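Since the structure comes first, as structure tokens, the remarks are kept for the end.
The values are calculated or read from the model by the stated rules, or taken from the named source; none is laboratory data. Here the structure is a predicted model, which is why all the values come from computation and not from measurement. Methodologically, a virtual Cβ is constructed for each residue, glycine included, from the backbone with ideal geometry; neighbour enumeration extends over all protein chains shown. Accessible surface is based on the protein model in full, side chains and every heavy atom, while ligands, DNA and RNA are left aside. Shrake-Rupley method; radii C 1.70, N 1.55, O 1.52, S 1.80 Å.
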Amino acid sequence: AEGWLRPLGYVAEADLPMIYAGAAVFAYPSLYEGFGLPPLEAMAGGVPVVLSNRSCLPEVCGDVPIYVDPDDPASMSRALERALTDEAWRAAAARTGIEHARGFTWE
């Protein structure tokens, strides 16, 4: 409502690193996910992540993100507030997210 949140829609792959680098938090309330590459890309860039507790996301992303029920807007709101204001968690999530994402390569 304040205008600072902007849904981006489709973003070209070449632009993703710049988008991730400028993000305060990466929110991904997916109801179904085939693997979880977008959250791993965000974590690789040191971006704190808020994720759905569904599908493969907890298995792929481990204990780094804050998990939410994607069908519960209040849960998402609380998680986003924490992700944006808890500086200790943000620093830890950035550090451990980078480490966790290193375990996933195309090889």
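General observations
- Reported count of residues in the stretch 41-64, each being in a loop (DSSP other than H, G, I, E, B) and either surrounded by fewer than 23 Cβ atoms within 10 Å (Cβ to Cβ) or in contact with an Asp or Glu (Cβ under 7 Å, 6 or more places away or on another chain) (or both), is 9.
- The residue of the stretch 96-107 that is nearest to the chain's Cα centre (by Cα), among those that are surrounded by 15 or more Cβ atoms within 10 Å (Cβ to Cβ) and under 13 Å from Asp63 (Cβ atoms), is Gly97.
- Applying a threshold of 9 Å to beta carbon distances and a minimum spacing of six or more residues, or different chains, the list of pairs starting in the stretch 17-40 at a residue that is open to solvent by less than 50 Å² (accessible area, probe 1.4 Å) and ending at one that is assigned to a helix (DSSP H, G or I) and of a type in the set (Ser, Thr, Tyr) reads Phe26/Tyr20.
- Residues in the stretch 65-95 that are among the hydroxyl-bearing types (Ser, Thr, Tyr), more than 18 Å from Gly22 (Cα to Cα), open to solvent by 50 Å² or more (accessible area, probe 1.4 Å) and outside any strand (DSSP E or B): Ser77 alone.
- Scanning the stretch 40-61 for residues that are within 15 Å of Arg95 (Cα to Cα) and either in contact with a Gly (Cβ under 9 Å, 6 or more places away or on another chain) or basic (Lys, Arg) (or both) yields Leu40, Ala42, Met43, Ala44, Gly45, Gly46, Val47, Pro48, Val49, Cys61.
- Counting the residues of the stretch 76-100 that are of a type in the set (A, V, I, L, M, F, W, C), closer than 16 Å to Val50 by Cβ and in contact (Cβ under 8 Å) with a residue 12 or more places away in the chain gives 8.
- Only listed residue being closer than 24 Å to Arg6 by Cβ, under 13 Å from the mean Cα position of the chain (by Cα) and of a type in the set (Asp, Glu), chosen from Glu41, Glu81: Glu41
- Residues in the stretch 1-40 that are assigned to a helix (DSSP H, G or I), more than 20 Å from Glu81 (Cβ to Cβ) and of a type outside the set (D, E, K, R): 10 in all.
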